[in-house]
Amino acid sequence: YEKGAEVVRMYQTILGRDGFRRGLDRYFERHDGQAVSCDAFWDAMLGSHPLKDDFHLWYEQAGTPTVTASHSYDAAAGELTVEL
């Protein structure tokens with residue numbers, strides 16, 4: 001269930017609030033009252049979005065990725081370095 005919530009938040013991040021709302025409207029127009037798979041929601045949300053294929057690769061993998069980040073700041077140079 002944790003990953004499902006992450007997926008929905010990612011849809012909103014990728015599509016923006018208006019795009020997310022359009023995806024929800026499209027989903028309900030197509031599937032209201034039906035028993036459908038998660039793929040139907042995925043397709044209604046992302047449709048032909050350029051990130052659809054990349055997003056699906058992550059979605060299909062078990063678990064959630066962990067990202068480790070570190071940073072350093074050089075005050076003299078005014079430079080922040082971030083490593084992932």
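The values are calculated or read from the model by the stated rules, or taken from the named source; none is laboratory data. Just so you know, these numbers come straight off a predicted model, no measurement behind them. Neighbour counts are summed over all protein chains in view; Cβ atoms, including those assigned to glycine, are modelled from backbone coordinates with ideal geometry. Ligands, DNA and RNA are excluded from the accessible area calculation, which covers all protein heavy atoms including side chains. Shrake-Rupley method; radii C 1.70, N 1.55, O 1.52, S 1.80 Å.
Spin-label model, residue 38/residue 69: points 7 Å from Cα along the beta carbon direction are separated by 2.5 nm. Surface composition of the chain: carbon and sulfur make up 52 percent of the accessible area, probe 1.4 Å. A straight chain from residue 2 to residue 82 at 0.36 nm per residue would run longer than the Cα-Cα distance by 26.1 nm.
When each full DSSP H helix of the chain is screened for a Cα extent of at least 20 Å along its own axis and an average Kyte-Doolittle hydropathy of at least 0.0, none passes.
Across the chain, Cα pairs under 8 Å and at least six residues apart give a relative contact order of 22 percent.
When only the Cβ of Lys, Arg, Asp and Glu is charged (+1, +1, -1, -1), the dipole of the chain relative to its Cα centre reaches about 340 debye. Just so you know, the averaged projected area of the alpha carbon convex hull for the chain sits at 7.8 nm².
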